[in-house]
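See structure below.
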Amino acid sequence: MCLGIPGQIAEVTNTEAKLALVDVLGVRREVNIACVIRDGETAEDVVGAWVLVHVGFAMSRIDEKEAQITLDLLHALGEAQAEAAALRGVEATT
Amino acid sequence: MKFVDEFRDPSTAKALLREVTACLDQLGATEQNPVQVMEVCGGHTHSIFRYALKDLVPKSLEFVHGPGCPVCVLPMGRVDDCIAIAQRPEVIFTTFGDAMRVPGSKLSLLQARANGADVRMVYSPLDALSLAQQHPDREVVFFGLGFETTMPSTAMTVLEAKRRGLKNFSLFCNHITIVPTIKAVLDSPGMRIDGFIGPGHVAMVTGSAPFRFIAERYHRPLVISGFEPNDILQSLWMVLRQLLEKRPRVENQYARLVDPDGNRVGMQAIAEVFELREFFEWRGLGSIDHSGVRMRAPYAAFDAERKFTVPNAKIADPKSCQCGEVIKGVLKPQQCKVFGKACTPRTPLGALMVSSEGACAAYYQYSTHAVEEVA
Amino acid sequence: MNAVAKPRAVDHWRDQHITLAHGAGGRAMRELIEEVIVPAFDNGLLAPLEDQARIAGSLLGHGESLAFTTDSFVVSPLRFPGGDIGRLAVCGTVNDLAVGGAVPKHLSCALILEEGLPVETLREVLASMARAAEEAGVSIVTGDTKVVERGAADGLFITTAGIGAIPAGRDTGPRMVRPGDKLIVNGTLGDHGIAVMAARNDLALQIPVQSDAAPLNGLVEAMFAAAPGLRWLRDATRGGLATITNEFAREGRFGIVLDEAAIPVADAVRGACEILGFDILYLANEGKLAALVPAEEADGLLAAMRSHPLGRNAAVVGEVHAERPGLVTMRSRFGGERVVDLLLGEQLPRIC
């Protein structure tokens, strides 16, 4: 049960009810952002953040650094395999 | 699409598949004696079929499709209760689209709508709240279902209904919790699962702590995983490496989203509104202790179960249904006696044929049964 | 062709809403037809208001065949970004003729109006039909009007029928298809289905997408000119590309493999599908066709389509093969392959 989609918070529509428009490839929908406002932040501070949207709620902030770490690791994996293959004298197909 | 397309890169998938294959070889896995990895969440099952990952991994790896489709595991009696509420003339019954086709003992919500019940699909519980404000003369009931991922949204919707002083909004609560269910699978006789791909979006809410017992008590690896194909392949690789190291633990592949401590606001809302039920009935698995939640007494005014009398009848699963064996990984979907015969997506008998996230429905829809059908 | 009502008729016409009297056969009905409907379509074949259109001479040249089709149109809401029920009613029937290789000529228009329908809405729908007919180069030459009690229809239903001529030598259908043939679509899929869903607003999504409703006969002529060997065409309306390819494969008893990466999709449609868990392959289109063409003519056909305004995003999205007759599969970006079956019922948004 867990269809969650990354989107970017575009603008706050209701500060009191913590509602904001989220943008997914140009599609906009009002969502609740209570779960992604961190301590000491206001609703406005979340504008521009990437979040995971599930049933009309922004459930979690997406950590761009962590995403990059995962991608770098996977990229390095491909390169390491290519090197290992080259050492064995085989051409790696990537 | 940012944070999606990067994790669907085919060349990365190939690199991961080579690592997965190497691990399986080192583990001595064979087609006859495969490593069995359960993906707990229906969302993972969907990705595995949509991207045909099942066919890309070596035959010495078997995906076992877990109980993580809350639509599938909803027992018939609860669907009957929904329909009883929906058929009341004052009620606007709101639901996620997923639940529309789930059969009760006589009708599904889709059929109840055709028979005149006011059943409306919504994208969010917030939309049900808006309907309640637009129709002060009607009773708007929201069909709350799902695991911990979805619980904060319904809990916060109830809190918002209270804040707005709405008297005509209530929740029919069918939320279930994943941990007791994994435990029930692990405790069942004949269980053969070697490791778990953990539910990323549940963990986003709960954090990773609730899953630790799987490593500590049952000595099985669990990797909390994202839902894109490369997320799943990477998680699979991490599970296999744990098996090689013989050091089972909880790892987090989905660090871009999952904070090990979970989401504080979401968990607070859950704790405020919900409490554990002593047991909850699951289609295909029977009664599991502490596997469901109900609304706490201070929110009784928003509890559809208290507001409306429902039949609350327990309806046994069909005898021929072997969903329980499939969920535990003892049987593959097509090994079930009724798969594709008495039980098809058009006429589902068992839980796993009900929703497109169900393992049997996915097998049926995405596999080549149609060849025989038309040839 | 004059697409709007004549000023005299507007001045004379005082009723704001359709009443049962407008369908009762008396003066009110006569006024509705003469002052609202006929002026909108304004043409010599319709004007005499006989019980039938009388078309002089032969419709068909030497060796030509007659194509004849009908379709009913119901949509809620009546208007949506990129079109309305009137545009659908003309384009749908024109396209059903065109994908058979026919040059559409004349259409009929039967209206079922719900009591209480604003006359202004009717005028807009008729004007939209007239514009679409002009785009397609067809005339609406006969029709009928009925009024039903409030609640017995959803505003307005339209049935159109159409006739067209298939030029000599054009022969399309399952018999013509060969293994290795390419499957081509003329642009992004799912725009209509998502536009109508967004207009309904049940799901409160703002989606910047317009329905693709358009008459495809001009494009089809350009396609036959570029690829005389065109094997089989159909328009991918309800049920989308998945349904149309399944029809191809089942009726033709061959297999089709789709290529996921090649299927054109607008960003907003993809976004909506990701949010709602929809499969693009099953979304409705009203200006999209799927064509099977010999592999050696595919490049030329694609170039010709892309130089036509309704084919700018045309793409080869699949291939015919002899194995597994009746089965449609899709190769994912990963090289895995999955079955693309017919949909069980309507596509429902999901959260799982």
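The values are calculated or read from the model by the stated rules, or taken from the named source; none is laboratory data. Bear in mind the structure is a predicted one, so any value in this text is a computation, not a measurement. Counting neighbours? That spans all protein chains shown, and the Cβs are built from the backbone with ideal geometry, glycine included. Accessible surface areas use protein heavy atoms only, side chains included; no ligands, DNA or RNA. Shrake-Rupley method; radii C 1.70, N 1.55, O 1.52, S 1.80 Å.
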| request: Provide B:LYS106, B:LYS319 ordered by accessible surface of protein heavy atoms (probe 1.4 Å), highest first. | output: B:LYS319, B:LYS106
| message | How big is the dipole moment of the protein assembly as shown about its Cα centre under a simple scheme where the beta carbon of each Lys and Arg is +1, that of each Asp and Glu is -1, and everything else is neutral? Debye, nearest 20, please. | response | 1620
| request: Using the structure shown, select from A:LYS65/B:LYS2; B:LYS54/B:LYS328; C:LYS182/C:LYS288; B:LYS106/B:LYS183; B:LYS106/B:LYS319 the pairs with a Cα to Cα distance greater than 20 angstrom. | output: B:LYS106/B:LYS183
| Modelled FRET efficiency - R0 22 Å, B:MET1 with A:ASP72, Cβ distances, 0.05 increments | 0.65
| remark: On complex formation of C with B, accessible surface lost, both sides summed, probe 1.4 Å, nearest 100 Å², amounts to 3200
| task | Could you calculate the FRET efficiency of A:VAL47 with B:ARG164 from 1/(1 + (r/R0)^6), where r is the beta carbon distance between them and R0 is 25 Å, rounded to 0.05? | result | 0.50
| query | Which whole-angstrom value gives the distance between the alpha carbon centres of the range B:42-104 and the range C:61-133? | reply | 39
| Rounded to the nearest 20 Debye, what is the dipole magnitude of the range B:1-317 about its Cα centre when Lys and Arg each give +1 and Asp and Glu each give -1 at the C-beta? | 320
| Which residue, C:ASP202, C:ASP341, C:ASP144, tops the fluctuation ranking in a GNM of chain C built on C-alpha contacts under 10 Å? | C:ASP202
| query | Loop-only check: which trypsin sites (Lys or Arg not before Pro) in the range C:289-352 are DSSP coil with at most 13 other Cβ within 10 angstrom? | reply | C:ARG312
| request: Kindly state, to the nearest 0.05, the FRET efficiency for A:ALA82 paired with A:THR15, given R0 = 41 Å and r defined as their beta-carbon distance. | output: 0.20
| task | Find me the longest stretch of chain C that has none of the exposed GluC sites (Glu not before Pro), where exposed means in a DSSP loop (not H, G, I, E or B) with at most 13 other Cβ atoms within 10 Å. | result | C:150-322
| remark: Taking Cα pairs closer than 8 Å and at least 6 residues apart, the relative contact order of chain A in percent is 23
| the range C:174-339: relative contact order in percent, alpha carbon pairs under 8 Å with at least 6 residues between | 43
| Solvent exposure of the protein assembly as shown as accessible area per residue, Å², 1.4 Å probe | 39
| If you rank A:HIS75, C:HIS22, B:HIS290, B:HIS46 by how much accessible surface each has, with a 1.4 Å probe, what is the order from largest down? | A:HIS75, B:HIS290, B:HIS46, C:HIS22
| task | Relative to the longest principal axis of the C-alpha atoms of chain B, give the angle of the C-alpha long axis of helix B:264-273, reported between 0 and 90° and rounded to the nearest 10°. | result | 50
| query | What figure in square angstrom, to the nearest 10, would you give for the accessible area of B:SER47 with a 1.4 Å probe? | reply | 10
| said: How large is the accessible surface of C:ASP96 in square angstrom, using a 1.4 angstrom probe and rounding to the nearest 10? | reply: 50
| request: Pairs of Cα atoms under 8 Å, at least six residues apart: use those to get the relative contact order of chain B, whole percent. | output: 21
| Full-extension gain in nm, B:SER320 to B:LYS341, via 0.36 nm per residue minus C-alpha separation | 6.4 nm
| How big is the gap, in Å, between the Cα center of the range B:259-315 and the Cα center of the range B:20-34? | 41
| message | How tilted is helix B:125-134 with respect to the longest principal axis of chain B? Cα atoms for both, answer in degrees (0 to 90, nearest 10). | response | 20
| Along the positive direction of the dipole of the range C:310-352 (beta-carbon charges: Lys, Arg +1; Asp, Glu -1; about the Cα centre), which of C:LEU344, C:PHE334, C:GLY318 reaches farthest? | C:PHE334
| query | Hey, what do the phi angles of the range C:318-335 turn into as Karplus ³J(HN,Hα) couplings, whole Hz, using 6.51/-1.76/1.60 and θ = phi - 60°, x for Gly and Pro? | reply | x, 8, 8, 9, 7, 6, 6, x, x, 10, 10, 10, 10, 7, 7, 4, 8, x
| note | Hits in the range B:212-231: amide N under 18 Å from the 7 Å Cα→Cβ extension of B:LEU244, namely B:221-223
| Farthest toward positive dipole pole in the range C:7-166 [+1 Lys/Arg, -1 Asp/Glu at C-beta], among C:ALA67, C:ALA89, C:GLN16 | C:ALA67
| note | Between the modelled labels at B:GLN111 and B:GLU31 (7 Å from Cα along Cα→Cβ) the distance in nm is 4.2
| Degrees between helix A:64-87 axis and first principal axis of chain A (Cα, 0 to 90, nearest 10) | 10
| Points 7 angstrom from Cα along the Cβ direction at C:ARG30 and C:PHE68: gap in nanometres? | 3.2
| Considering the alpha-carbon set of chain C alone, what are its Rg and its Dmax in angstrom? | 21.4, 67
| Given the C-alpha centroids of the range B:211-241 and the range A:46-70, what is the distance between them in whole angstrom? | 21
| task | Treat each spin label as a single point 7 Å out from the Cα along the C-beta direction, and report the B:TYR218 to C:GLU296 distance in nm. | result | 6.2
| task | Would you mind giving the three semi-axes, in whole Å and largest first, of the ellipsoid equivalent to the range C:7-166 according to its Cα gyration tensor? | result | 27, 18, 13
| said: Which residue, B:SER60, B:LEU74, B:VAL122, has the largest displacement toward the positive end of the dipole of the range B:12-133 when charges sit on each Cβ (Lys, Arg +1; Asp, Glu -1)? | reply: B:VAL122
